[in-house]
Every structure is written in structure tokens, then in C-alpha cells.
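The values are calculated or read from the model by the stated rules, or taken from the named source; none is laboratory data. Just so it is clear, the model here is predicted, and its values are computed rather than measured. Positions of Cβ are generated from backbone atoms using ideal geometry, with glycine treated the same way; all protein chains shown enter the neighbour counts.
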Amino acid sequence: MAQQRTLGTAGPAVGPIGLGCMGMNWVYTSQLQSAEESIGAIRHAVDHGITLLDTADLYGPFTNEELLGEALRGGLRERVVLATKGGLKAGPESRLGSVQVAADGRPEHLRAAVEGSLRRLGTDRIDLYYLHRVDPRVPLAESWGALAELQQAGKIVQLGLSEVSAAQLEEAHAIAPVGAVQSELSVWSRDPLAEVLPWCVAHGAAFVPFSPLGRGFLAGRFDGENAPDQDDFRARLPRFQEEARAQNLRIADGIREIATRHGATPAQVALAWTLAQGEHVVPIPGSTRRIHIEQNAAAAEVQLSNADLAALDSLPAPVGTRY
Ligand SMILES: NC(=O)c1ccc[n+]([C@@H]2O[C@H](COP(=O)([O-])OP(=O)(O)OC[C@H]3O[C@@H](n4cnc5c(N)ncnc54)[C@H](OP(=O)(O)O)[C@@H]3O)[C@@H](O)[C@H]2O)c1
């Protein structure tokens, strides 16, 4: 992966495609594999120029950070940009694929969460720390102010937020600079294009699309026949219900058609579409398989024409909400 992108104007250079580690041991039960295989996959990603690695204390909970920490032992830590998140907790009823979450943005929780993440990741600093969700019961200024103090103390390099509005970004940025915003963005989830992406350009922040492959659907992993396993988190999402899947195939088929013309995979086209939304965009596709990781790393080489982009932009709206 020759080209690099900058993670916000004040941030480090990273490969244009990152790696989301969530599905390696959390929520996506259809693709679970051993810890050894996941560790191998993470190292394989770094060998292929993928440097932005994404996790959260929620995932597992906690075991996803441990997995990543283990993968980075032995010198790899200094070759990557390590991103994690805090401020969302798994409820007591959560199981692997069936997750209950609650926001906790209290400063005391965030201070303890950062210490826990540092320990599990085996590092003395987190390169990018996101507030996973704004806690409606805690003023954003309090949560963000606590994170800004941890940044001043050198425990966090850049600060970010996930799934926020432009108004919330303004509020946070007035207290301490927003380095990155992570929200869902893909061919079938475009809400951030209206205000949040332009806000990021105007304020020198990176935009990090999560679920850029539509949780696998846009990569052609599911169709009318192939559903996620019963206990997979996706089995409960509206867009993955049988009837919705059948209708949403029009979107996956449209992506596949363009991919075929480029001699590329549908996942590569879906990722190239996110990259085309701006130089400040660095998607983090989730993958457990080396072959997919290699293909995704090469997505930045797929050059979509204006006609391709127009065709992708005019695909039908999805049937079903995101959650
Ligand atoms: N901030 C938030 O609230 C939030 C929410 C959700 C996710 N995230 C982050 O975003 C990351 C990515 O999102 P995601 O994992 O939900 O969804 P995603 O990246 O849209 O899709 C992941 C799915 O796509 C499949 N896939 C990946 N590359 C492929 C390829 N080249 N060909 C075919 N299939 C491919 C994966 O299966 P294989 O394993 O078989 O490759 C997996 O099933 C997560 O890991 C997490 O770090 C953040």
C-alpha cells in the first residue's frame, strides 16, 4: 500500500485503509476464529501497510484490546497507530452476539477506562482515543474535559468522538481539538456526508468510516439465501432481515457490477467509494481473514471514475434502518 493519508492535519501518516478488530472476538459470531488466527491476521495487516488499528474496551468486553495488545508485542507497537474507545459499557445480560450497551461518560469512568485500555494494550500512550458515545446524562463538556486532561498528561495523543452531530463537534472542539470522528459511512449509510464530513474538513479532523462494508453485506457476503448465523449480532439488524436482504441485493449487485469492470472485488469498490469522499477519510474495514485483509489493503489502488461514483451514488436507498 504505497499511498498514505494523514490522520487529521495534526495527526500521523497512516495507510489509507485501516483495520477494525471488533469482529475478531465480539458480535459477529458467523466468523469467529482462534486468538492465534486473529493475532496472525493483525500482524499480516501491518505487513501489508495497514497501520490504523481500531478496537474499544466495549469489544469482548475488554478481550479485543487484550488480543490487539498481544498481537503488537515484540516491536509492532511502534509501527502502528493504535485507536481505542471508551464510554460505552456492556450490560450484564450481554452475550457474544447479543449485546446490551449503556453509555457512561462520567469523568471518573473515563479516567479508569483509559488506564484499563493502556494496560490491556500494553502501551504507555493511546494514539487516538474516542468517546464511543456521548452520554445523554453527562454534559459533553465534562466527558471531553476529562479526556483533554488525560491528553495533557500524555496518556492520549489525539482525541476523537463516535456518532456525533456537527453541533456536538463544535462544543467539544471549543474545549480541546477534535482529531478524528468515527461514524458509520458506506454506500448504504451516508448520513455523515451532509454535515459531519464537511465539519471534519473545515477543522482539520480525520473522518474514520466504521462498517464501510455494510457489516459484510456490501462485500457480497450475504444475499437472499445466505443469512448471518442466528446468534450473530447482524441477525437482529433491520437491513439483514430476510425480506430486506432480498431487496438490498440491488445495492450489493450494483457494487459487484462496477467491481467486475475494474477486475476488483466488491469490498474494494465499497472501500474506494469511502476514500473518494475526501483525502481526510480513512476507513477501518473489519476482517478476520488474511486474504480479505490483503484485498482491502489494495483497495486504494482502485480508481473509480466519476461515472462509477455517480452510479454508486444513485444506487437505491437500503431497506431497513442501521440498528
Ligand atoms: N464506533 C462504533 O460505534 C463502531 C460500530 C461498529 C464498528 N466499529 C468499528 O468498525 C470496524 C469495521 O466495521 P464492521 O466490522 O462492523 O463492518 P465492515 O467492516 O463493514 O464489515 C465486516 C464484514 O465484512 C467482511 N469482509 C471484510 N473484508 C472483506 C472482503 N475483502 N471480502 C468479503 N468480505 C469481507 C468481514 O468478514 P471476514 O472476517 O470474513 O473478512 C465481516 O463480515 C469494526 O471492526 C470496529 O472496529 C465501530
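State all residues of the range 275-302 that are in a helix (DSSP H, G or I) and either within 10 Å of the ligand (Cβ to nearest atom) or of a type in the set (Gly, Ala, Ser) (or both); if no residue qualifies, say none. Lay out the reasoning, then the answer.
Taking the range 275-302 as the starting set, the residues that turn out to be in a helix (DSSP H, G or I) are 275, 290-301.
Listed by number, the residues that qualify are 290, 291, 292, 293, 294, 295, 296, 297, 298, 299, 300.
Put simply, of 137, 221 the only residue that is away from the ligand (no atom under 16 Å from the Cβ), over 22 Å from residue 84 (Cβ atoms) and assigned to a loop (DSSP other than H, G, I, E, B) is 137. Scanning the range 189-210 for residues that are within 15 Å of the ligand (Cβ to nearest atom), outside any helix (DSSP H, G or I) and surrounded by fewer than 24 Cβ atoms within 10 Å (Cβ to Cβ) yields 189, 190, 210. Restrict the check to the range 223-238 and report whether at least one residue is farther than 19 Å from residue 23 by Cβ, at pLDDT below 95 and of a type in the set (Gly, Ala, Ser). Checked the range 223-238: at least one residue is farther than 19 Å from residue 23 by Cβ, at pLDDT below 95 and of a type in the set (Gly, Ala, Ser). Restricting the range 56-79 to residues that are touching a residue at least 40 places away in the same chain (Cβ under 8 Å) and in a loop (DSSP other than H, G, I, E, B) leaves a set whose member that is farthest from residue 135 (Cα to Cα) is 73. Quick check: is even one residue across the range 176-195 at pLDDT below 95 and of a type in the set (S, T, N, Q)? No, the range 176-195 contains no residue that is at pLDDT below 95 and of a type in the set (S, T, N, Q). For the range 12-32, taking the residues that are within 8 Å of the ligand (Cβ to nearest atom) and over 17 Å from the mean Cα position of the chain (by Cα), the one that is surrounded by the fewest Cβ atoms within 10 Å (Cβ to Cβ) is identified as 31. Out of all the residues in the range 240-250, is one or more among the basic types (Lys, Arg), more than 22 Å from the chain's Cα centre (by Cα) and surrounded by 19 or more Cβ atoms within 10 Å (Cβ to Cβ)? The answer is yes; a qualifying residue exists.
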